[in-house]
There are 2 protein chains.
Amino acid sequence: MKRQVLASEQSEKLFEQICDYLLERIRRGEWKPHEKLPSVRALAAQFQVHRLTVFKAYQLLKQNGNVYVKDKSGYFVQPGNKWSMGADHDPIVSAYVQESHLSEIHQVQAAYQFSKALLDPNLLPNLYFSEYVKKVFDLYPKVLGTYSTTQGDEELREALCRYFTEEYRFYLSPEELLISSGSQEAIDLIARVLVKPRDAVLIERPTYSPAIDVFRREGAAIVPVEIGRDGYDLGEVERLMKTHKPRLFYLNPTFHNPTGYTVPAEQRKRLAEIAQEYQCLLIEDDPYRDIYFGEKPPLPIFSYDTSGTVIYIRSFSKYVGPGLGIATVACRPSIMKLLIRAKSLADSGTPLLNQKIFLHYFFSSRMQQHLEKLRIALSVRKEIMEEGLSDTDWQWSSPQGGFNLWVRLPESVRMDFLLAKSIEQSITFVPGSICDPQRELDSWMRVSYSFLNEQQLRDGIKRLVGVYRELPQSCDA
Amino acid sequence: MKRQVLASEQSEKLFEQICDYLLERIRRGEWKPHEKLPSVRALAAQFQVHRLTVFKAYQLLKQNGNVYVKDKSGYFVQPGNKWSMGADHDPIVSAYVQESHLSEIHQVQAAYQFSKALLDPNLLPNLYFSEYVKKVFDLYPKVLGTYSTTQGDEELREALCRYFTEEYRFYLSPEELLISSGSQEAIDLIARVLVKPRDAVLIERPTYSPAIDVFRREGAAIVPVEIGRDGYDLGEVERLMKTHKPRLFYLNPTFHNPTGYTVPAEQRKRLAEIAQEYQCLLIEDDPYRDIYFGEKPPLPIFSYDTSGTVIYIRSFSKYVGPGLGIATVACRPSIMKLLIRAKSLADSGTPLLNQKIFLHYFFSSRMQQHLEKLRIALSVRKEIMEEGLSDTDWQWSSPQGGFNLWVRLPESVRMDFLLAKSIEQSITFVPGSICDPQRELDSWMRVSYSFLNEQQLRDGIKRLVGVYRELPQSCDA
């Protein structure tokens, strides 16, 4: 019985796909007004579907005034642009729309951008940077004239390899590291080589929003995994792996974005085992590891992996130099080969200059001193934000690292309404629904304390709370 | 009748697709040895195909020892790894293999790399670069701490807009320019947003090889357009547009890679008109424009476009600074919106540092002086290569710009054999078939004179001709 429902759902989709196919090509002008469209028989053969499915598609198009029927000779394009999506629709441009919800909020100009989980540029040691850049030019006079290999500069991969081995007990060779132009590129490449349409993909709920967009774009069937203060319900994770046979699990177990939660060490070990058992790759995204306020976080899941089940993405951009765009991916050779191929078509290698600057800066003692200062500065900012929210009825769990506060508001609050009102007051934040693969979590918001300075934080939070208090008593009425 | 054949071909493919689907998931371990596989009825419903198609797939799998039948209860996974692709096949890794033929040749280590259409790093004004970098840090002390917008640095887009308007009479605003991390990324983004599976795409024959790989990956049906010394046969181009209704035509009309041909001005104007008529986007890739040896080349096709039909990709990396990775895409707002969205998921913006260095270096008077020297140096290298080949029976048309010689060898020569022998002698070149969407052009090769210095060129060509002369008389026997 269940199968029946599923088949009928898919038939529905198929019928819509044929509508889309026809409309798309009419829009592009492949068939001009009054031109004859392909026959039901021909389309049924082309798509390998039942003729009734095609017939259904044509009926809808006819009903909507996109096509007309002439006697028994077939379907023809209805003139008069009734098929247009709107007055400003350009007929030559109809393309795959790739969603990026977060980037839309980031485009809003605002004085108090709590939406940005980026480091305040003033917290970076900008004055020292140019010194290191000079050093790079002395050491590699031809650096701007030289392409990097697609996999990344060997000197940098060797240095990172030593670093990972010493710090996190990674068992790794430089051939198992890829340098990417930031973690976004890494997620994109991984999705492109590993995910096929209809593959199940586990994603934390909530999660880093652009990851949802990337996996959806590849046609993944997304299965959410709840993350809480104590990590995951591993029994549930195992059940999901058993039921859905997912291709991969994209996760951010350390100072998780947006919640700030950290998955405990014992769960990490067990998760690596479960993933191996069910042949589900773990994509461990780890951008906040160095930004801890108390104790160092537990070792990455990659450290517990003995079977090549974990792909580790480590971004450094967030706190070393956002303008550099450097991240690295650690994985086993069989996957590495695929990632290198994909990268050779995507950008033919991260710029060598950026890799060399990063190399000399990141591994300097100055960077390590700078990191200590950074941790203090950020924990102070976090406390300022928490203080500003302390006399509200909002709830959150104080994070021990990272850039974000994940805040729950009373259920009566309509988040979209609060965001609209906030933007009027030059404030932005990220509504919880954007971080939710199911587009729910309507009572939550992510506010980042990393981008604004202490005074701006005080003023901005005060203003945000003000907007909240002035909301009509029952705006959900 | 023709339709019948087509449908049967597609049914063939469909049946193979179902085989692949099952094998892929057995390989991944979704169904374990002796586990029951989905029923014929269920798979037929899932894929919306006739049950006979699924049955056919199972029959082949049974025949190959991948599955077995138990009474009448269905199909089961045959144990014993008979489904494995080979002893070294990693069951967890089976993914979309993305082809990149050119990058494979580039991975060959050789003393005489005629395969590389890259600039000799010694031809770049490396000493001056660090000066400009210092300037950038003085002007923008926080440049490494700042993300670029996804579309690219506004100051750079404004400068490029002025430059394009003055130099090529582009009618353009900075909102119609995107900064990408090199032309490879630009082609990749364009393919991803504009090409859907089964879309026809016109591509020159021969062409820039990675472009073939990118469009194929998106599932395009590639239709070759012959390019010759005098450009295209426009009547044929029109016929192809009429017949195939292509989504786009990827072309490189100025010092074309690999042939060096330049499409004349009158054809450019007419091509823009035809493309508009048939709603076929022209993707004009223009990386060699500044590298002319005689007269300046004709204006870009984009200059003749009045309808938003042309997308212009201009790479600067090749001669300004390969290590910078900077290119720009000019197109109308409707397409720009899509490209920005795609880029926000692909790498969230080209590094600001690289954009600022490029801005200050490219628009300096020093760069313009450098370009003049560069043109002379490259034309000298071209002549050295041509001299080295002058007493062979090879044929080529002397290019008036660019980095490459496109050479025809006698038909008796087996190019793969010559390449193998050349690699033994530490020489690489690009066999013509790699540049051909149809994988023919077996008598041609691309040899680049841009990467090696004058002495290396002399020695390398001598050595290559030597390898050729020592080939067995009839290696095609």
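The values are calculated or read from the model by the stated rules, or taken from the named source; none is laboratory data. Keep in mind that this is a model prediction, so the values were computed, not measured. Note: ideal-geometry Cβ built from the backbone for every residue, glycine included; neighbour counts use all protein chains shown.
Taking the criterion of being crowded, with 24+ Cβ neighbours inside 10 Å, under 24 Å from A:Ser433 (Cβ atoms) and not small (Gly, Ala, Ser), would at least one residue in segment A:213-224 satisfy it? There is at least one residue in segment A:213-224 that is crowded, with 24+ Cβ neighbours inside 10 Å, under 24 Å from A:Ser433 (Cβ atoms) and not small (Gly, Ala, Ser).
I want to confirm something. Restricting to segment A:249-280 and keeping residues that are closer than 20 Å to A:Ser334 by Cβ and buried (at least 24 other Cβ atoms within 10 Å of the Cβ), which single residue is farthest from the chain's Cα centre (by Cα)?
Here the residue is A:Ala275.
Yes or no: B:Leu177 crowded, with 22+ Cβ neighbours inside 10 Å and more than 14 Å from every other protein chain (Cβ to nearest Cβ)? Quick ask: steps written out before the conclusion?
Working: crowded, with 22+ Cβ neighbours inside 10 Å: yes; more than 14 Å from every other protein chain (Cβ to nearest Cβ): yes.
For B:Leu177, the condition - crowded, with 22+ Cβ neighbours inside 10 Å and more than 14 Å from every other protein chain (Cβ to nearest Cβ) - is met.
Residue count for segment A:416-461 under the criterion of being farther than 24 Å from A:Arg375 by Cβ and assigned to a loop (DSSP other than H, G, I, E, B): the result is 10.
Listed conditions (1) surrounded by fewer than 19 Cβ atoms within 10 Å (Cβ to Cβ); (2) of a type in the set (Lys, Arg); (3) within 17 Å of A:Phe293 (Cα to Cα) are all met by A:Arg408, apart from (3).
Restrict the check to segment B:340-349 and report whether at least one residue is within 12 Å of chain A (Cβ to nearest Cβ), closer than 29 Å to B:Tyr128 by Cα and touching a residue at least 24 places away in the same chain (Cβ under 8 Å). Write out each step before concluding.
Taking segment B:340-349 first, the residues within 12 Å of chain A (Cβ to nearest Cβ) are B:340-349.
Those left that are additionally closer than 29 Å to B:Tyr128 by Cα: B:349.
Keeping just the survivors that are touching a residue at least 24 places away in the same chain (Cβ under 8 Å) gives B:349.
Yes, the conditions are met somewhere in segment B:340-349.
Condition (residue is in a helix (DSSP H, G or I), among the small types (Gly, Ala, Ser) and over 25 Å from B:Ile222 (Cα atoms)) applied to segment B:168-184: is it met by at least one residue?
If we filter segment B:168-184 for residues that are in a helix (DSSP H, G or I), which is where we start, we get B:168, B:174-176, B:183-184.
Add one more test, that the residue is among the small types (Gly, Ala, Ser), and what stays is B:183.
Now restrict to residues that are over 25 Å from B:Ile222 (Cα atoms): none.
Within segment B:168-184 (the criterion being in a helix (DSSP H, G or I), among the small types (Gly, Ala, Ser) and over 25 Å from B:Ile222 (Cα atoms)), the answer is no, since none of the residues qualifies.
Residues that are charged (D, E, K, R) and closer than 22 Å to B:Arg198 by Cβ within segment B:212-236 comprise B:Asp213, B:Arg216, B:Arg217, B:Glu218, listed in sequence order.
Does any residue of segment A:353-374 turn out to be of a type in the set (Lys, Arg), in the same structural domain as A:Gly402 (by TED's automatic domain parsing) and at pLDDT 90 or above? Yes, the conditions are met somewhere in segment A:353-374.
Only one of A:Gly235, A:Gly228 is out of contact with any strand residue (DSSP E or B) (no Cβ under 8 Å at 6 or more places or on another chain), assigned by TED's automatic domain parsing to the domain that holds A:Ala327 and under 17 Å from A:Tyr278 (Cβ atoms). Can you tell me which? Full working, then the answer.
Values: A:Gly228 fails: under 17 Å from A:Tyr278 (Cβ atoms).
Going through A:Gly235, A:Gly228 in turn, the sole match is A:Gly235.
Which count do you get for residues in segment B:128-150 that are at the interface with chain A (Cβ under 7 Å from one of its Cβ atoms) and either aromatic (Phe, Trp, Tyr) or free of Cβ contacts under 8 Å to residues at least 12 places away in the same chain (or both)? The number of residues fulfilling the criteria is 8. The conditions of being among the basic types (Lys, Arg), at the interface with another protein chain (Cβ under 7 Å from one of its Cβ atoms) and more than 21 Å from A:Ser181 (Cα to Cα) are not met by B:Lys116. When you go through A:Ser443, A:Ser433 one by one, which is the residue that is in contact with a strand residue (DSSP E or B) (Cβ under 6 Å, 6 or more places away or on another chain) and not hydrophobic (A, V, I, L, M, F, W, C)? Being in contact with a strand residue (DSSP E or B) (Cβ under 6 Å, 6 or more places away or on another chain) and not hydrophobic (A, V, I, L, M, F, W, C) holds for just one of A:Ser443, A:Ser433, which is A:Ser443.
Does B:Leu374 satisfy the condition of being hydrophobic (A, V, I, L, M, F, W, C) and within 24 Å of the chain's Cα centre (by Cα)? Considered against the rule, which asks whether it is hydrophobic (A, V, I, L, M, F, W, C) and within 24 Å of the chain's Cα centre (by Cα), B:Leu374 comes out as no.
Listed by position, the helices (runs of 4 or more DSSP H) enclosed by segment A:29-108 that each have at least 1 residues that are more than 9 Å from every other protein chain (Cβ to nearest Cβ), at pLDDT 75 or above and more than 28 Å from B:Cys280 (Cα to Cα) are A:51-63, A:101-106.
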